[in-house]
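Novice: To start, I am sharing the structure in question, which I have written as structure tokens.
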Ligand code: NAD
């Protein structure tokens, strides 16, 4: 399948986890893929090779730190210069920090809001004009179940993801009569480095084996007791890029093993 052949897709935070899987899925549809995120040079070269093998047209990498608005503008201008205008924008880069609100460090609050929310505004702000000019575009924001419901110890993350769900709706309304759509994906637990860190911390704090902490984490929130896979989210992103999804606008599609059905 090459449904995205000739389209340029930027996936933020695609050197790991969910972003990597979404980039691979878009590569599988023939898109030109722009990777972003942190990582060792060698790992990034390897990743570029994986994208090409999966079917990507051109593959670029830009290591912009997305907590810096100026770096976001510079990255988008560079992509437009070197790859052409962005057709598919996947706002995926995100970080987590857990602490009760009275102990939540201000610098962690600022960093989470900057990356998980404000960076999504800045990328959309810069990429949308090109999409509107060409009459086609797809914006996919990787939110979370935490864009719809809350958990303790995640004040910044829950606030940022709720904000991202709101931003998604506004952009969808402002583009409703155009060929550009904007939606969000709301995953439950996905076993990536971001969640592994939470499992490891839980095991340490409760003095239990890691396997027990993993089981408890799932059992507490996710009725299926199975992790969502990054590949399932990649397939959903591809679906949102297709014609069948043209009238899905402003939605948060949850993939959460039943978490928010409770
Ligand atoms: P991950 O830690 O595996 O990957 C995060 C990516 O973001 C990496 O590529 C990292 O280099 C990049 N990144 C971090 N800081 C950055 C910065 N300042 N600038 C640019 N890139 C930066 O995490 P993941 O679990 O794959 O999470 C991806 C997204 O999915 C996040 O937005 C997260 O909130 C969301 N999400 C994850 C889960 C889950 O269970 N893992 C659930 C719901 C939502």
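Novice: Have a look at 15, 229, 152 and tell me which one the Gaussian network model of the chain (Cα, springs below 10 Å) gives the largest fluctuation.
Specialist: Largest GNM mean-square fluctuation: 152.
Novice: Rounded to the nearest angstrom and ordered from largest down, what semi-axes does the equivalent ellipsoid of segment 70-189 get from its C-alpha gyration tensor (root of 5λ)? Provide the component values of the computation, followed by the final result.
Specialist: Details: eigenvalues 159, 54, 19 Å².
Largest first, segment 70-189 gives 28, 16, 10 Å.
Novice: Rg and Dmax of segment 8-64, Cα atoms, in Å?
Specialist: 9.5, 27
Novice: For segment 139-241, what does the convex hull of the Cα positions come to per residue, in cubic angstrom? Present the calculation step by step, with values, prior to reporting the outcome.
Specialist: Numbers: hull volume 10.5 nm³, N = 103.
Normalising the Cα hull of segment 139-241 by residue number yields 102 Å³.
Novice: Run the helix sum for the chain: -39,500 (n - 2.57) per DSSP H stretch of 4+ residues, divided by residue count, reported at 222 nm to the nearest 500 deg cm²/dmol. It would help to have the intermediate numbers written out before the result.
Specialist: Working: 9 runs with 121 residues, N = 262.
Helices in the chain give a 222 nm mean residue ellipticity of -15000 deg cm²/dmol.
Novice: Peptides 206-212, 192-198: what's the order by average Cβ count within 10 Å, highest mean first? Spell out each step's value before the answer.
Specialist: Working: 206-212: 10.9, 192-198: 14.3.
Averaged packing, sorted descending, gives the order 192-198, 206-212.
Novice: Now a separate question. Once you put a point 7 Å from the Cα of residue 152 and another 7 Å from the Cα of residue 231, both along the Cβ direction, what distance in nm separates them?
Specialist: 3.7
Novice: So what are the chain's ellipsoid semi-axes, whole angstrom, largest first, if each one is the square root of 5 times an eigenvalue of the alpha-carbon gyration tensor? Don't skip to the answer; put the middle values down first.
Specialist: Details: eigenvalues 170, 77, 69 Å².
The answer is 29, 20, 19 Å, longest axis first.
Novice: Taking 8 Å as the Cα distance limit and 6 or more residues as the minimum spacing, I'd like the relative contact order of the chain as a percentage. Mind showing how you got there, number by number?
Specialist: On the way: 519 pairs, mean separation 50.7, N = 262.
Taking the mean separation of contacting Cα pairs over the length of the chain, I get 19 percent.
Novice: Per residue, what volume in Å³ does the Cα convex hull of segment 136-193 take up?
Specialist: On the way: hull volume 4.7 nm³, N = 58.
Hull volume over Cα atoms, normalised by residue count, gives 82 Å³.
Novice: Same structure again: Rounded to whole Å, give me the distance from the Cα center of segment 220-245 to that of segment 180-219.
Specialist: Here the two parts' Cα centres lie 16 Å apart.
Novice: Out of 90, 101, 59, any idea which swings most in a Gaussian network model of the chain, alpha carbons joined below 10 Å?
Specialist: Greatest mean-square fluctuation among the candidates belongs to 101.
Novice: Once you treat every alpha carbon in segment 59-115 as an equal point and sum by Debye, what is log10 I(q)/I(0) at q = 0.16, 0.18 Å⁻¹?
Specialist: -0.61, -0.71
Just so you know, all these numbers are worked out from the coordinates, no wet-lab data involved. Keep in mind it's a predicted model, so treat the numbers as computed, not measured. In this analysis, Cβ positions are derived from the backbone assuming ideal geometry, glycine residues included, and neighbour counts consider all displayed protein chains.
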